[in-house]
Amino acid sequence: MNSESFAYNFILLPLVCFGGFSVMLAFVFLLPGVGNVLAALYTIITLDWANEKRKGGSNRVEEV
């Protein structure tokens, strides 16, 4: 497409720039952070479960 075209300069080029930034933001910054948070939560929950199992009980009250 001609770089002097109105559609290129004011529609297509900004969409490509914004879309490229959005994809970079989503896949480079946000998803690894979400994965790290989920891994940390899983680790904390697993360690807590193992600690409770090692103690032989839990703090929760079970009704019979």
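Annotations for the structure displayed:
- Test: Val28 is at pLDDT below 75, in a helix (DSSP H, G or I) and either open to solvent by less than 100 Å² (accessible area, probe 1.4 Å) or of a type in the set (Val, Ile, Thr) (or both): yes
- Test: residue in the stretch 35-57 that is modelled with pLDDT under 80, outside any helix (DSSP H, G or I) and either touching a Leu at 6+ places or on another chain (Cβ under 9 Å) or not β-branched (Val, Ile, Thr) (or both): yes
The values are calculated or read from the model by the stated rules, or taken from the named source; none is laboratory data. Being a predicted model, the structure only gives us computed values, none of them experimental. So basically every Cβ, Gly included, is an ideal-geometry build from the backbone, and we count neighbours across all protein chains shown. In case anyone asks, the SASA skips ligands and DNA or RNA and just uses the protein heavy atoms, side chains included. Shrake-Rupley method; radii C 1.70, N 1.55, O 1.52, S 1.80 Å.
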